[in-house]
Amino acid sequence: MLDILVKNLGFAYDKDIILSNINMEVKAGTFVCLLGQSGCGKSTFLRLLAGLEKPTSGEIYVGNELLKNPGLQRSMVFQDSGLFPWMTTGENIMIALKQKFKGMSYVDRKNEAIRRLKDVGLDESSFHKLPKELSGGMQQRCAIARAFSIDSPILLMDEPFGALDAVTRSNLQGLVIDLWKQEKKNRKTIFFVTHDVDEALLLATDIFILGQAPSNIIHRCSLGGGKTWNINTIHTDPNALELRNDLVKIIHNEIKKKSSKKFETYKKGVAI
Ligand SMILES: Nc1ncnc2c1ncn2[C@@H]1O[C@H](COP(=O)(O)OP(=O)(O)OP(=O)(O)O)[C@@H](O)[C@H]1O
């Protein structure tokens, strides 16, 4: 089981400190949503988990092993799908399968790609289409199919539905939850970055809020299996409403702190 341990993690772009002293323990099979205001470092944190950036301080352990580089145990889904535009959707999935399952035959990879596309509601005709021939929502479905096909135990999703309309977004939220729940044993650990508190309430088993940069975790809550709401009741369920209010308050207070700090700096500048 690949539990994840983040210890005193810090990160800076040159002298610009983005993340500071982040500590987190995530059990394998957890669905983590990471909330926080724009620019606080959510994507940076995900890139560190992916091994695409190196910590400035502290460490990340995946299943007791120090994380050093990108690896096939983690796959990523971005806001813009990240599909290779010169390959058909089918080829996009097949090349990922080739990388992960070295000995898999062409025919098996093709069949698996078609099966994965069907799992996300895309029919066989989309196998031959280039990403540009698909809608944004269909491209994201394909990106999700690709991420699930390589069967990595950890899935990192960076605002994957941020650019989609409300109905498509809601359909894809349901799809990700279904695919995640489908794996009864060895369920994936998902890290899902979002601005949207409702999205986090709907998807997460655990919610973390990052504060203002240099950010650390300012709030965490575990919903576990005790969620009383779903897509139909999230706007009426009293528990969901209460938790939403709490989370929104925490995020707003953090934004207020940031703007009053900026104002102080501005006032000092004027006084000088
Ligand atoms: N490659 C880079 N070089 C220098 N600074 C960067 C780089 N990438 C991001 N930053 C800065 O790091 C900070 C955190 O960025 P990041 O994208 O992680 O935030 P975020 O919380 O994901 O934001 P958003 O919600 O708006 O996507 C921002 O101030 C951003 O300008």
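Find the Cα radius of gyration of the stretch 82-151, compare it with 2.2 N^0.38 Å by division, and give the number to two decimals.
0.97
Using only alpha carbon pairs under 8 Å that are at least six residues apart, calculate the relative contact order of the stretch 82-151 and give it in whole percent.
After rounding, I find 46 percent.
Return the equivalent ellipsoid semi-axes of the stretch 139-192 as a descending list in whole Å, where each equals the square root of 5 times an eigenvalue of the C-alpha gyration tensor.
19, 12, 10
Which aspartates and glutamates have a Cα less than 14 Å from the Cα of Lys256, not counting those fewer than 8 places away in the same chain?
Glu264
Calculate the dipole size of the stretch 165-266 relative to its Cα centre from +1 charges on Lys and Arg beta carbons and -1 charges on Asp and Glu beta carbons; express the result in debye to the nearest 20.
Charge dipole, the stretch 165-266, about its Cα centre: 340 debye, nearest 20.
Over the chain, what is the mean sequence separation of C-alpha contacts under 8 Å (at least six apart), divided by residue count, expressed as relative contact order in percent? Spell out each step's value before the answer.
Numbers: 466 pairs, mean separation 67.4, N = 272.
Computed over the chain, the figure is 25 percent.
What percent does the relative contact order of the stretch 93-248 come to when contacts are Cα pairs within less than 8 Å and at least six residues apart? Show your work: numbers first, answer last.
Working: 145 pairs, mean separation 24.4, N = 156.
It comes to 16 percent, rounded to a whole number.
Which of Val107, Val176, Val77 ends up with the largest GNM mean-square fluctuation for the chain, with Cα atoms connected below 10 Å?
Val107
Indicate, rounded to the nearest 5 percent, the antiparallel portion of the DSSP beta bridges found entirely in the chain.
If I count the DSSP bridges inside the chain, around 50 percent turn out antiparallel.
In the structure displayed, which of Lys68/Lys129; Lys54/Lys102; Lys188/Lys257; Lys42/Lys185; Lys110/Lys181; Lys184/Lys249 lie more than 32 Å apart, Cα to Cα?
Flagged as over cut-off: Lys68/Lys129; Lys188/Lys257; Lys184/Lys249.
If you line up the long axis of helix 89-100 against the longest principal axis of the chain, both from Cα atoms, how many degrees apart are they, to the nearest 10?
Value to nearest ten degrees: 80.
If you fit an axis through the alpha-carbon atoms of helix 106-119 and take the longest principal axis of the Cα set of the chain, what angle between them do you get, 0 to 90°, nearest 10?
60
What residue among Ala163, Ala113, Ala50 has the largest mean-square fluctuation in a Gaussian network model of the chain, using Cα springs under 10 Å?
Comparing Ala163, Ala113, Ala50 in the GNM, the peak value goes to Ala163.
For the stretch 21-61, which whole percent of the accessible surface, found with a 1.4 angstrom probe, sits on carbon and sulfur atoms?
45
Could you provide, to the nearest whole Å², the per residue accessible area of the chain with probe 1.4 Å? If you can, show how the numbers build up before the last one.
Details: 13910 Å² over 272 residues.
Result: 51 Å² of accessible area for each residue.
For the chain, what is the calculated [θ] at 222 nm in deg cm²/dmol (nearest 500), taking -39500 (n - 2.57) for each run of four or more DSSP H residues and dividing by its residue count?
-13000 deg cm²/dmol
Can you give me the orientation-averaged projected area of the convex hull built on the Cα atoms of the chain, in nm²? Intermediate values should be presented prior to the final figure.
Details: hull surface 66.3 nm².
Spelled out: convex hull of the Cα atoms, projected over all directions, averaged, 16.6 nm².
With angles folded into 0 to 90 degrees, how steeply does helix 136-149 sit against the dominant principal axis of the chain? Use alpha carbons for both and round to 10.
Once rounded, the angle reads 80 degrees.
Explain nothing, just the number: dipole magnitude of the chain about its Cα centre with +1 on each Lys and Arg Cβ and -1 on each Asp and Glu Cβ, in debye rounded to the nearest 20.
Working: 37 positive and 30 negative charges, 94 e Å.
That gives a dipole near 440 debye.
Among Leu210, Phe127, Val6, whose Cα sits farthest toward the positive end of the charge dipole of the chain (+1 at Cβ of Lys/Arg, -1 at Cβ of Asp/Glu, about the Cα centre)?
Positive-most Cα among the choices belongs to Val6.
Among Lys102, Lys256, Lys181, which one shows the biggest mean-square fluctuation in a GNM of the chain, springs joining Cα atoms closer than 10 Å?
The residue that fluctuates most here is Lys102.
The values are calculated or read from the model by the stated rules, or taken from the named source; none is laboratory data. Worth saying up front: this structure is predicted, and the values here are computed from it rather than measured. Counting neighbours? That spans all protein chains shown, and the Cβs are built from the backbone with ideal geometry, glycine included. The protein model used for the area step is the full one, side chains on, heavy atoms only, and it has no ligands, DNA or RNA in it. Shrake-Rupley method; radii C 1.70, N 1.55, O 1.52, S 1.80 Å.
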